[in-house]
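The values are calculated or read from the model by the stated rules, or taken from the named source; none is laboratory data. Being a predicted model, the structure only gives us computed values, none of them experimental. Neighbour counts are summed over all protein chains in view; Cβ atoms, including those assigned to glycine, are modelled from backbone coordinates with ideal geometry. Note: areas computed on protein heavy atoms with side chains; ligands, DNA, RNA excluded. Shrake-Rupley method; radii C 1.70, N 1.55, O 1.52, S 1.80 Å.
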Amino acid sequence: MFNILGFDLDETQVKAIKCNENAVLVSAGAGSGKTLTIMGKIKYLIENMNVKSSEILCISFTNEAVNSLKNKLLSIGYNIDVLTFHKLSLNIIGKNYSIVDENYLAYIIDEYFKSYVRYNKKNFNKLKRYLYTYRNDIFNTKEYKALTRTIETFIKLAKSNDYSINEIYVFYRKSFLLNRIILKFIIDIMLIYKRELESLKKIDFDDMIHLAKDKVKTSSINYKYIIIDEFQDTSLVRFNLIKEIIEKCNSKIFVVGDDWQSIYRFSGCNLDLFINFKDYFNNARYFTLEYTYRNSNELIYVTSNFIMKNKHQLRKSIKSNKNLKRPIKIIFNCNIYDLIESIDGDILIIGRNNKDIANINYGNKLTIHKSKGLECENVILVNSDNIPNKMKNEKIINKVLKEHDYILYEEERRLFYVALTRTKSNVYIMVNKKISPFVKELIHEYREYIEIKKY
């Protein structure tokens, strides 16, 4: 019963799988067998609890993750609805809606400034004041581009956290000086964006989830069990859709995730849903998968202490049967190809941004965000100077994050944690011109677990 794909599940995995409470959260460390736990839960429901395959809904966040899990379940004989929130929403709505291009909001923002603000002297002067410039040719500056990205992020976060334009107006009324300027721009753009979508008869992703939530009660869905992978990445509008399904179908919910690896805060994920799960469901049960099949105990010690510098993370005590004396290698001023030549075994190269890895021809390379969930024998983190990368205009963004108080570099700390924990053996951190505050922290506090090489 508790052998999945040739792997025997451990005691905590089995306890979580057997738990039949209405709401169960499984907090899992990196490489602790989250997917095997989900598969074990589905197997147990069908074979021991007489739940039909058609009564189980499994949700993951990307098409790649959905296809991977779907194929693994098929390989052990179970044909389950494994869907993204996008596909689930379309199924509930029941007819084809025209979804707007994901870049359309960015286009509207740029047009607003170049077509309206530019030719309105009062507003143009406000824009220049916000950007701290007296120049008129501001539209090719990095400051302008940072502002438009901030506004796009703000609007997407506002929609994913269920804010109305009226609530944004309340922020505006309570704000002063520069915040007041940008919030007035944001309100204008939100109204224009809404009007443009209506005229085009199109909706965006968050609109689609809202529509699905409103239509759940009249839909034909009948899921008795809802299983969500990577629950730490759930936004409020997605969560409200799930709550609506639970109320309609009297469903039970089983979620798996790792708050230490929550790295999509600026895409709408609401970590509070994970950390304070018990506040959203009565009598919720918690389980923690503490055994990792990937990292060494030495790496676990460093990364666990590193991530817990964030105040709002669930504490885990992770263990492994692996030991490596110095699994973290900090490499100064080395050519990437020389480093690759010196390493035995498979290598994954990761970087903070696409530009960090763009010029490296080596095939196995990804951004840190895209590497989440993957593992490799050896990992090289290039251009560690880029982490942490503080987002410009962050204070304005935090107005629409329905979470706890902002902690400096909180999200970036989790991103660095993800980078460190992709390895099954050693992680090589390349340092070029300047030393990242995170690298300094590792050297200062965990020196005995680190090997330093200077070229």
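Summary table
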read-out	value
Candidate set: the stretch 294-337, residues that are open to solvent by 80 Å² or more (accessible area, probe 1.4 Å) and of a type in the set (Phe, Trp, Tyr); chosen: the one nearest to Leu442 (Cα to Cα)	Tyr301
The stretch 356-378: number of residues that are of a type in the set (A, V, I, L, M) and more than 17 Å from Tyr337 (Cα to Cα)	2
Residue ID - nearest to Lys217 (Cα to Cα), chosen from residues in the stretch 247-263 that are among the charged types (D, E, K, R) and open to solvent by 10 Å² or more (accessible area, probe 1.4 Å)	Lys248
Contacts under 6 angstrom Cβ, first residue in the stretch 134-161 being under 14 Å from Tyr112 (Cα atoms), partner modelled with pLDDT of 90 or more and not in a helix (DSSP H, G or I), 6 or more apart	Tyr144/Ile138
Filtered residues of the stretch 263-320 (kept if of a type in the set (Ser, Thr, Tyr) and within 17 Å of the chain's Cα centre (by Cα))	Tyr264, Ser267
Positions within the stretch 300-342 being in contact with a Lys or Arg (Cβ under 6 Å, 6 or more places away or on another chain) and within 18 Å of Tyr428 (Cα to Cα), in sequence order	Ile331, Phe332
Hey, Tyr406 at pLDDT 90 or above, touching a helix residue (DSSP H, G or I) at 6+ places or on another chain (Cβ under 8 Å), in a loop (DSSP other than H, G, I, E, B) and open to solvent by 50 Å² or more (accessible area, probe 1.4 Å) or not	no
Matching residues, the stretch 83-96, being touching a residue at least 60 places away in the same chain (Cβ under 8 Å) and not in a helix (DSSP H, G or I)	Gly94
Matching residues, the stretch 36-53, being among the hydroxyl-bearing types (Ser, Thr, Tyr) and within 14 Å of Asp81 (Cα to Cα)	Ser53
Count of the stretch 245-295 residues which are among the aliphatic types (A, V, I, L, M) and within 19 Å of Thr37 (Cα to Cα)	5
Within the stretch 179-206, considering residues that are modelled with pLDDT under 95 and of a type in the set (Phe, Trp, Tyr), the one surrounded by the fewest Cβ atoms within 10 Å (Cβ to Cβ)	Phe205
Residue selected from the stretch 21-72 under the condition in a strand (DSSP E or B) and in contact with a Lys or Arg (Cβ under 6 Å, 6 or more places away or on another chain), by the criterion surrounded by the most Cβ atoms within 10 Å (Cβ to Cβ)	Ala28
Helices (runs of 4 or more DSSP H) enclosed by the stretch 97-165 - at least 2 residues per element that are open to solvent by 60 Å² or more (accessible area, probe 1.4 Å) and closer than 20 Å to Tyr193 by Cβ	104-111, 142-160
Residue ID - modelled with the lowest pLDDT, chosen from residues in the stretch 441-455 that are open to solvent by 30 Å² or more (accessible area, probe 1.4 Å) and of a type outside the set (Asp, Glu)	Tyr455
Positions within the stretch 1-20 being open to solvent by less than 40 Å² (accessible area, probe 1.4 Å), of a type in the set (A, V, I, L, M, F, W, C), farther than 22 Å from Asn283 by Cβ and part of a loop (DSSP other than H, G, I, E, B), in sequence order	Leu9
Members of the stretch 73-82 that are part of a loop (DSSP other than H, G, I, E, B) and surrounded by 15 or more Cβ atoms within 10 Å (Cβ to Cβ)	Tyr78, Ile80
Conditions (1) among the aliphatic types (A, V, I, L, M); (2) over 23 Å from Thr35 (Cα atoms); (3) open to solvent by 30 Å² or more (accessible area, probe 1.4 Å); number of the one not met by Ile340	(3)
Residue in the stretch 167-178 that is at pLDDT below 90, in contact with a Ser or Thr (Cβ under 7 Å, 6 or more places away or on another chain), open to solvent by less than 80 Å² (accessible area, probe 1.4 Å) and among the small types (Gly, Ala, Ser) present	no
Positions within the stretch 414-440 being open to solvent by 30 Å² or more (accessible area, probe 1.4 Å) and in a helix (DSSP H, G or I), in sequence order	Pro437, Lys440
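Residues checked against (1) over 22 Å from Arg129 (Cβ atoms); (2) more than 26 Å from the chain's Cα centre (by Cα); (3) of a type in the set (A, V, I, L, M, F, W, C):
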| residue | (1), (2), (3) |
| --- | --- |
| Tyr163 | yes, no, no |
| Phe176 | no, yes, yes |
| Lys184 | no, yes, no |
| Asp188 | no, yes, no |
| Arg195 | yes, yes, no |
